[in-house]
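What follows draws every value from the coordinates through simple rules; no lab data is involved. Since we're looking at a predicted model, the values are computed, not measured. Cβ coordinates were reconstructed from backbone atoms using ideal geometry, including for glycine residues, and neighbour counts include every protein chain displayed.
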Amino acid sequence: MTDSIQQHVRRITAGLLVPAALVVAVLLLLHYFLLLPPSPGAEIWLIIGAAAATLIALYLRILRFTDRMSAQMNRMTVAAREISRGDLDRRIDSSEMQFGELRELADAINAMAMRARIDIAEMKRLERVRSEFLGNVSHELRTPIFSVQGYLETLIDGAVEDPEVRDDFLHKTHQNVLRLHTLLTDLIEISRIESGEMKMSFRYFNAVDYFKAITDELQPTAEIAQVTLEFQMIGRKNGNISVLGDRDRLKQAIVNLVENAIKYNHPGGTVTVELEPHENEVIVRVRDTGIGIPTEDLGRIFERFYRVNKDRSRSVGGSGLGLAIVKHIIEAHGTSVKVESILGQGTTFSFTLKR
Ligand code: ADP
């Protein structure tokens, strides 16, 4: 254990005063009992001599102590200056500090440098993420805008006279405008979520009716893609299963998951929205028999604008933000989204809701 400065000073003082007092006492005893007859004033000189010797010794020890302390303080000052100049990897070896207070100060400076290093690294990461995001957004916007510009210019230059080309280009322009619309809606959504503007409103509701209704609403989308969309309960056939969640936000997440399950599927494939009630929670699954996701991409699909197959995603109108939005919404429910997939066989997204 390291002494505190106060303990150390006390120890130095006591270490000198106690032996000095003992020596004086012994000398006085010897003087009274052995050196008779007493010489006048000898006791006074003895005490003055002993006090002077003790004071000199005390002074020398305190001098040594302050020298050691200022050497250690100097080391810390040098390190703190280097840290303040930006060398955030600089550390002070607190085991070299001989006094408790200095050791604590060294530890506190080290902790401060470490914290600053972590914060700056995080700031740099966020800055990188932000500029990457801006780059992605500009790229995503540029592609459909250029396409629309190209189609319109060709039409203006005379292609409008050819009904077949006109209809084709108008259709393509419309597709690109829809893509822009989806992208902008998702961008507004994700920036609202990430800036903390999205307020959640949690209520208990009947999961069975709720998931059945969403499945029914998405039937037309599934039919267009020639995919069978079904709702399934595991364990029990019916009843009221009350779950806690924000109905609107949750719907947005489920719709994204089911639309993906339809988009990344084959004609004739199946998408199943499944509920599996347990005592304190309900597992929600969206299963599909679609194209699947390669294992190496599974960890990245929730990143903004990450796509396994860029061409396919764009051709089916994906903004690349759907799963990032799903992740935020589900995490705001205090849980997380899991994904399992077998390439060429299908994918299952799942999460739990509290009962
Ligand atoms: P997108 O708008 O491109 O669909 P998402 O964020 O919704 O963006 O999904 C990210 C990527 O994850 C998609 O581009 C796709 O490659 C992959 N993906 C998502 N859901 C599925 C699924 N059910 N089956 C296969 N791949 C999927």
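Do you know which of the residues in the stretch 310-354 that are within 17 Å of the chain's Cα centre (by Cα) and aliphatic (A, V, I, L, M) is surrounded by the fewest Cβ atoms within 10 Å (Cβ to Cβ)? My answer is ALA332.
For the stretch 314-336, filtering for residues that are under 24 Å from ARG130 (Cα atoms) and part of a helix (DSSP H, G or I) leaves 12.
Across the stretch 168-217, the qualifying residues are those that are under 26 Å from the mean Cα position of the chain (by Cα) and of a type in the set (Gly, Ala, Ser), and the one among them that is farthest from ARG130 (Cα to Cα) is SER201.
Each residue in the stretch 279-303 was checked for being more than 8 Å from the ligand (Cβ to nearest atom), part of a loop (DSSP other than H, G, I, E, B) and in contact (Cβ under 8 Å) with a residue 24 or more places away in the chain, and 4 pass.
Checking the stated criteria, ALA253 turns out not to satisfy the condition of being part of a helix (DSSP H, G or I) and more than 14 Å from LEU353 (Cα to Cα).
Step by step: first the residues of the stretch 74-83, then only those that are surrounded by fewer than 14 Cβ atoms within 10 Å (Cβ to Cβ) and not charged (D, E, K, R), then the one that is nearest to ILE12 (Cα to Cα). Which residue is that? Applying the filter and picking the extreme gives ASN74. Per the conditions (1) touching a residue at least 12 places away in the same chain (Cβ under 8 Å); (2) assigned to a helix (DSSP H, G or I); (3) out of contact with any strand residue (DSSP E or B) (no Cβ under 6 Å at 6 or more places or on another chain), the sole criterion not satisfied by ASP311 is (1).
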